Amino acid sequence: MPNCECCGAEVELPFKCNFCGRLLCIEHRLPENHACRGQPPRKPLGSWDSKKTIERARRHKWSNMETEGEFHFKKKTPFSYKTERRPYKTEKRKKRIPVRKIASAVTVIVGFLIIGLVIGFFLGGFGGLITSSVSISQTKDELFKGINEQRINLGLPILGNDSALVSISNSWSNQLASMGTLTHGDFEGRIASIGYSYYSCGEIIGSFTSGSINGIPTTDSPSELAKEFVVMWLNSPQHREIMLTASSGFMGVGLSKSGSTFYGVVDFRFG
């Protein structure tokens, strides 16, 4: 049975030093435990010089060595088994971007937008296409006729048609359609522009969206649109008072359209 060449103890399976070739027991197998004369020079553990020595050993003098632990070397063999050492500082794994989930979410959002646009077209745009065939001039004539019919029913004088009032009412209805809102603006200024400041004048305005009721497309004739305006003004006390003023006079009807919405303006001159 072989003996340890350091302490002389009998060893059944001795360890052979990779640097000096001596047979050793388990207690003296490491180079520092048997004063190995063939081990590479080392510096204190953790020092910068010791790390440089290891790197230099790997590159040059001991290029045929590989690390065993942190500061020990052993010869490379074709059948040597190398264990993978974990780094002292664990590296953070990079989070992968869920490309498929993002793509599916974008697809769903785009699909909903397309469906909304299609529904909006059929409920709004389709109604606008239906009412685009309604004649503006015929609707204005029906408005003029409908207002006078209400006056006749109450025994009031019929109002005549005034070209100057028609001019400013048409101009203002176009302005309302472009703004998409209802306002009288500078009514006195418009009346003064046609020289009617010394008369008793008034103005009624309104808008009516045609083409759909509760999302159901409908077709409207000029007489039906005119009736909607007249009924709307009759239900408004201020508009009703101006429209049914108990005096003779004149009026001018203006009507414009934006999309599927009609904007009506009627200017009156009494006395």
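Across segment 26-35, coupling constants 3J(HN,Hα) worked out from phi with the 6.51/-1.76/1.60 Karplus curve, θ = phi - 60°, read 5, 6, 10, 6, 7, x, 6, 8, 10, 6 Hz, and Gly and Pro carry x. Ordering 105-116, 180-191 by mean Cβ neighbour count within 10 Å, with the highest value first, yields 180-191, 105-116.
For segment 154-271, the convex hull spanned by the alpha carbon atoms encloses 110 Å³ per residue.
The numbers here are math on the coordinates, done by the rules we state, and not lab data. Small disclaimer: the values here were computed from a predicted structure and weren't measured. Cβ: placed from backbone, ideal geometry, glycine included. Neighbour counts: every protein chain shown.
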